[in-house]
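Enquirer: Take a look at this one; I'll ask things after.
The values are calculated or read from the model by the stated rules, or taken from the named source; none is laboratory data. Here the structure is a predicted model, which is why all the values come from computation and not from measurement. Every residue, glycine as well, gets a Cβ built from its backbone with ideal geometry; the counts of neighbours run over all protein chains shown. The area values use the complete protein model at the heavy-atom level, side chains included, leaving out ligands, DNA and RNA. Shrake-Rupley method; radii C 1.70, N 1.55, O 1.52, S 1.80 Å.
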Amino acid sequence: MLEIVVKAENRERLVRVSAEELAVLVRRIGGDGDRFLVVQRIPDLPDVFAQVWHQAGGDYTVEYRDGSADRHFQAMADGPEAVIAAMTGWVRQEAGWGGALAWSPLDMGPAREVPPLDLDEDERGELERRVREVLVAGYVSRAELAELAEEYLVAGDRRPVSRGQAEVLADRLWLERVAEQAGWRGETDPERLTRAFTALREAGITARENFTCCRGCGQAEIGGAGEPDARGYVYFHDQCTDSAAAGHGLTLLYGGFDNSSETTAAVGEEVVAALEAVGLHAEWDRDPGRAITVTPLDWRRRLVG
């Protein structure tokens with residue numbers, strides 16, 4: 001798998017696709033509402049991306065940017081194969097990946113000026129604290145983090161953080177977290193959790209991470225979140241994620257779709273077995289009316305973007 005996120009004009013967002021799948025996506029674009037792809041490496045870094053635009057019957061316009069404005073380049077290709085080769089090479093950071101295309105600098109105009117935040121110490125501290133909490137939770141994209149930073153202190157007509165200021169703040173804290181996670185080695189507990197949830201889905205149980213904002217919304221929506229023939233479900237919501245990120249373990253909510261205590265207990269047994277199979281410890285007294293808690297848990301979830 002390629003360590004990338006691919007976004008399409010039709011709002012499709014794919015994480016960690018294969019080289020073959022990326023090639024299919026490039027060959028597909030060209031129709032109305034599906035004319036471009038944006039590719040970002042994992043973890044996403046500010047102003048680092050590759051993209052392609054194509055209208056059926058015309059050439060392909062390929063771009064890549066490597067940070068600063070003077071590192072933004074464009075090339076034209078008359079068919080998808082040259083684009084596929086260049087984008088795959090860019091993703092893998094292969095030597096000479098772009099040599100088959102004629103690149104030219106792309107002038108996007110002067111960089112916009114972003115004034116510093118005009119916040120008192122308490123507000124600035126509160127804002128940065130919340131942004132860091134969401135970063136540690138690990139389920140947010142860089143764009144979503146900027147949106148949070150922009151909206152968090154809004155009160156009535158007062159909007160003390162502009163979009164540009166929010167992006168600057170989000171990017172700074174995002175890069176701090178990326179640098180921190182660069183020192184992590186091996187599989188993390190959240191990655192083990194994802195493996196367990198994947199196994200549960202393959203076994204016919206709807207398993208969703210960081211699903212909805214609270215238990216009420218989760219219980220109302222989990223029925224439509226998986227395959228129609230799923231036997232049961234397990235999930236954790238935003239508040240559970242925040243608690244896990246703060247070091248308090250992770251609460252898992254589960255049940256059977258037939259609403260029987262027998263099915264709920266059976267699903268609980270499967271959840272515990274899947275967690276233990278990946279090396280996580282689950283606390284549960286086998287009472288179908290009680291949640292499962294994953295603890296101890298070292299919550300180091302790598303950012304995607």
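Enquirer: If the chain between ALA246 and ASP47 were fully stretched, how many nm would it gain, using 0.36 nm times the residue separation less the Cα-Cα distance?
Expert: Taking ALA246 through ASP47 to full extension adds about 68.6 nm, to one decimal.
Enquirer: Of all the C-alpha pairs in segment 98-165, what % are more than 13 Å from each other?
Expert: 72
Enquirer: Given the C-alpha centroids of segment 27-101 and segment 153-226, what is the distance between them in whole angstrom?
Expert: Using only Cα atoms to place each centre, the spacing works out to 28 Å.
Enquirer: Taking R0 as 30 Å, what FRET efficiency do you get between VAL154 and ALA225 from their Cβ-Cβ distance, rounded to the nearest 0.05?
Expert: E between VAL154 and ALA225, to the nearest 0.05, is 0.50.
Enquirer: Using a 1.4 Å probe over the heavy atoms of the protein chains, calculate the carbon and sulfur portion of the accessible area of segment 161-305 as a whole percent.
Expert: So the carbon and sulfur contribution to the accessible surface is 48 percent.
Enquirer: Would you be so kind as to identify which of VAL161, ALA149, LEU117 lies farthest towards the positive end of the dipole of segment 116-161, taking Lys and Arg as +1 and Asp and Glu as -1 on Cβ and the Cα centre as origin?
Expert: Projecting each Cα onto the dipole axis, the largest value belongs to ALA149.
Enquirer: Leaving ligands, DNA and RNA out of it, report the carbon-plus-sulfur percent of the accessible area of segment 53-117 at a 1.4 Å probe.
Expert: Of all accessible area on segment 53-117, carbon and sulfur atoms account for 53 percent.
Enquirer: Which value in deg cm²/dmol, rounded to the nearest 500, describes the helix-derived mean residue ellipticity at 222 nm for the chain, given -39,500 (n - 2.57) per DSSP H run of n ≥ 4 and division by the residue count?
Expert: Result for the chain: -12000 deg cm²/dmol, rounded to the nearest 500.
Enquirer: Now a separate question. With contacts defined as alpha carbon pairs under 8 Å and 6 or more residues apart, what's the relative contact order of the chain in percent?
Expert: Once normalised by length, the contact order is 14 percent.
Enquirer: Keeping all protein chains in place, calculate the accessible area per residue for the chain (probe 1.4 angstrom), answer in Å².
Expert: With all protein chains present, the chain gives 51 Å² per residue.
Enquirer: Extending each Cα 7 Å along its Cβ direction at ARG124 and LEU14, get the distance between those two points in nm, one decimal.
Expert: Going from the ARG124 label point to the LEU14 one covers 4.4 nm.
Enquirer: Now a separate question. Magnitude of the Cβ-charge dipole of the chain, K/R +1 and D/E -1, about the Cα centre, nearest 20 debye?
Expert: The dipole of the chain has a size of about 360 debye.
Enquirer: Output the Kirkwood hydrodynamic radius of segment 115-222, Cα pairs only, in Å rounded to one decimal.
Expert: 16.2
Enquirer: When 1/r is averaged over all different Cα pairs and the result inverted, which Kirkwood radius in Å belongs to segment 4-47?
Expert: Result for segment 4-47, one decimal place: 10.8 Å.
Enquirer: Would you kindly give the portion of the calculated P(r) for segment 203-249 that falls above 16 Å, as a percent of all Cα pairs?
Expert: Pairs farther apart than 16 Å: 38 percent.
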